[in-house]
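The values are calculated or read from the model by the stated rules, or taken from the named source; none is laboratory data. Nothing here was measured: the structure is a model prediction, and the numbers come from that model. Here the Cβ positions follow ideal geometry from the backbone for every residue, glycine too, while neighbour counts run over all protein chains shown.
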Amino acid sequence: MAGLGNSAKKALNRIGDIICPKNGDFPSYSEYGAIEHVDDMLETAPESDINDLNMLLAILSFMPNAILKWLVKSVSKSHWKNGGVTTLFRQLDFGLKGIIFGTYYSGKKTAVYNGKIPTEVIGFSINRIELEHELQPELQE
């Protein structure tokens, strides 16, 4: 299975820092090291989609930060406009933010990061409540 190349990961890290910058107790995207787990997230994506994403991110890896900030702002604004390129911008916005937020809030961090994870900062935890039929198997009949 194909994964993201180094230049693609570099670009995604830079875009991640624009979308998820360090803010108070929240680590920046790159500081948190969420990029280490991006290939796990993308393992079920079609190989052609991974190749296209690799190519786009490899191109973006050469762009200066000012261009990347403009791009992130433009794709975010594309949801309120209609027309040719805005459709592609909306897809790019959903795709990039899905990958970035999915890895940032996954609870998986780099081995060298020792701070609070984003889900701890927002106070998120999963509480499982057992249903009555789980407690009494005879009710399932």
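Could you go through segment 7-23 and let me know if any residue there is surrounded by 17 or more Cβ atoms within 10 Å (Cβ to Cβ), in contact with a helix residue (DSSP H, G or I) (Cβ under 8 Å, 6 or more places away or on another chain) and at pLDDT below 90.
no
Which residue, of VAL38, VAL75, is over 22 Å from LYS116 (Cα atoms) and surrounded by 12 or more Cβ atoms within 10 Å (Cβ to Cβ)?
VAL75
Of all residues in segment 25-35, count the ones that are surrounded by fewer than 15 Cβ atoms within 10 Å (Cβ to Cβ) and without any contact (Cβ under 8 Å) to a residue 24 or more places away in the chain.
Counting residues in segment 25-35 that are surrounded by fewer than 15 Cβ atoms within 10 Å (Cβ to Cβ) and without any contact (Cβ under 8 Å) to a residue 24 or more places away in the chain gives 0.
So for segment 88-98 (the condition being touching a residue at least 24 places away in the same chain (Cβ under 8 Å) and under 19 Å from SER28 (Cα atoms)), does at least one residue qualify?
yes
Does MET55 satisfy the criteria of being out of contact with any helix residue (DSSP H, G or I) (no Cβ under 8 Å at 6 or more places or on another chain) and at pLDDT 90 or above?
yes
Residue check: is LEU96 more than 15 Å from the chain's Cα centre (by Cα), part of a helix (DSSP H, G or I) and within 20 Å of LEU4 (Cα to Cα)?
no
Yes or no: segment 89-98 includes at least one residue that is closer than 28 Å to ILE126 by Cα, modelled with pLDDT of 90 or more and either hydroxyl-bearing (Ser, Thr, Tyr) or buried (at least 19 other Cβ atoms within 10 Å of the Cβ) (or both).
yes
From the list ASN114, ASN82, which residue is within 17 Å of TYR32 (Cβ to Cβ) and either at pLDDT below 90 or aromatic (Phe, Trp, Tyr) (or both)?
ASN114
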